[in-house]
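Reading through the structure tokens given below for one structure.
The values are calculated or read from the model by the stated rules, or taken from the named source; none is laboratory data. If you're wondering where the values come from, they're calculated on a predicted model, not measured in any experiment. Note that each Cβ is placed from the backbone with ideal geometry, even for glycine, and that neighbours are counted across all protein chains shown.
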Amino acid sequence: MNNQLYRLIVAHMKEILREPAVLFWGIGFPILMAWGLGIAFSSKKEMSREIAVIQQTGSSSIQKSVLSDIIEHYPGKQKGDYMLPLKNEKTGDINLTFHECSKEEAHVLLKKGTISLIIEVIDTKIYYYFDPANAEAQLQYELVKGVVYNGTGYYSSHQDEIKPLTVTGTRYIDFLIPGLLAMGIMMSSSWGISYTLIDRRSKKLLRRMVATPMKKSNLLIALITARFFMNAVEAILLFFFAWLYFGIQIQGSIPGLFMLFIAGNIAFAGISVLISSHTSNPEIGNGLINAIVTPMMVVSGIFFSYQHFPEWTIPFIRHLPLTMLADGVRSIFNEGAGMMQIWKETLILTATGVVTFVIGLKVFKWY
């Protein structure tokens, strides 16, 4: 090997080894992420799926419905409740839990992402309500239909029919778009603010500003303000596309949505300033940013409901900034929530942004 090339390779390897943080974010952090997400998704031997059963007129108990009779005949039903354990050694066990509720309550659960499938029994006919575009709903439909078919021949006197959900707020796209709006705020702020500051510090551009009468607060607020307007344009364009193409509508308070949008920008702007306040190494900066955005992007209910995670993690997930922002936006879009329903999320997000900004400002380094 060329001696010069060899020495250059050795020199670059030593540069990497002298930065423990680079090794951690480049090697250690992905392993920790794989470990954490692996536990979250595969540690349970069985999964639970909740299904809404619309209460029949004049029935005070699920035991009086035709569906319950079918369930009673299903081999393996747990006595005394309506949780059906479906055993499968290859794909894992699944518990189907049936909740009796009104049609309005079922729609609310659907909009929150708690359930994906609604069942209604009228006379001897079973109606399945779900969005065919939702893979989770399709799976639940097949599972329940399998239960019905296996009801020791009880199905022979019954019929079923699929009723695709087309009501605004109950489709999977209605669940997805608010989450994408929230995630857009997080990603744009994290990379647009954090990485910009880290990159400028690494290129000694911030150091030159020390000689000027510029205040740190003015620099950071200007960067945050510019990013806020960019986020607003991105969110408006995404909403108009979803409105024109998918018929997405805002059923709740527009002022409430605007206040929540501001609070979300404040929260992630403050977090971004804190992330980028000290380091000048882009690789470490990438690791720090990914350490914040990647877990929240996965667990905060953007693409699928976080109700599928282990129960002990859900209280923690609900208090993540992205979860609060996505849940708040989703409640305004799909549930018709007003300012009184989202004031708590707005206050917590704003407080999070202010506190992290103040801390980031205190420890901010020009170089």
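Summary table
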read-out	value
Given (1) in contact (Cβ under 8 Å) with a residue 12 or more places away in the chain; (2) within 29 Å of F364 (Cα to Cα), index of the condition L238 fails	(2)
Hits in the stretch 312-367 - residues which are of a type in the set (D, E) and surrounded by fewer than 19 Cβ atoms within 10 Å (Cβ to Cβ)	E335
Count - residues of the stretch 245-261 that are surrounded by fewer than 16 Cβ atoms within 10 Å (Cβ to Cβ) and at pLDDT 90 or above	3
Selection status of A226, surrounded by fewer than 14 Cβ atoms within 10 Å (Cβ to Cβ) and modelled with pLDDT of 85 or more	yes
Residue in the stretch 245-275 that is farthest from L320 (Cα to Cα), counting only those that are of a type in the set (A, V, I, L, M, F, W, C) and assigned to a loop (DSSP other than H, G, I, E, B)	I248
Filtered residues of the stretch 180-223 (kept if loosely packed, with under 13 Cβ neighbours inside 10 Å, of a type in the set (S, T, N, Q) and under 35 Å from the mean Cα position of the chain (by Cα))	S217, N218
Condition check for L274: surrounded by 20 or more Cβ atoms within 10 Å (Cβ to Cβ) and over 18 Å from the mean Cα position of the chain (by Cα)	yes
So L288, is it closer than 24 Å to Y367 by Cβ, in the same structural domain as L320 (by TED's automatic domain parsing) and crowded, with 21+ Cβ neighbours inside 10 Å	yes
Boolean, R227 is out of contact with any helix residue (DSSP H, G or I) (no Cβ under 7 Å at 6 or more places or on another chain), touching a residue at least 24 places away in the same chain (Cβ under 8 Å) and outside any loop (DSSP other than H, G, I, E, B)	no
Which numbered condition T294 misses (of (1) surrounded by 16 or more Cβ atoms within 10 Å (Cβ to Cβ); (2) in contact (Cβ under 8 Å) with a residue 40 or more places away in the chain; (3) not acidic (D, E))	(1)
The stretch 88-107 - residue that is more than 23 Å from Q159 (Cα to Cα) and part of a strand (DSSP E or B) and, of those, modelled with the lowest pLDDT	D93
Number of positions in the stretch 108-136 that are part of a helix (DSSP H, G or I) and surrounded by fewer than 22 Cβ atoms within 10 Å (Cβ to Cβ)	5
Failed condition for K77, given (1) outside the structural domain of A337 (by TED's automatic domain parsing); (2) over 20 Å from the mean Cα position of the chain (by Cα); (3) modelled with pLDDT of 85 or more	(3)
Which listed residue is at pLDDT below 80, assigned by TED's automatic domain parsing to the domain that holds L86, touching a Phe, Trp or Tyr at 6+ places or on another chain (Cβ under 8 Å) and among the charged types (D, E, K, R), from D160, D131	D160
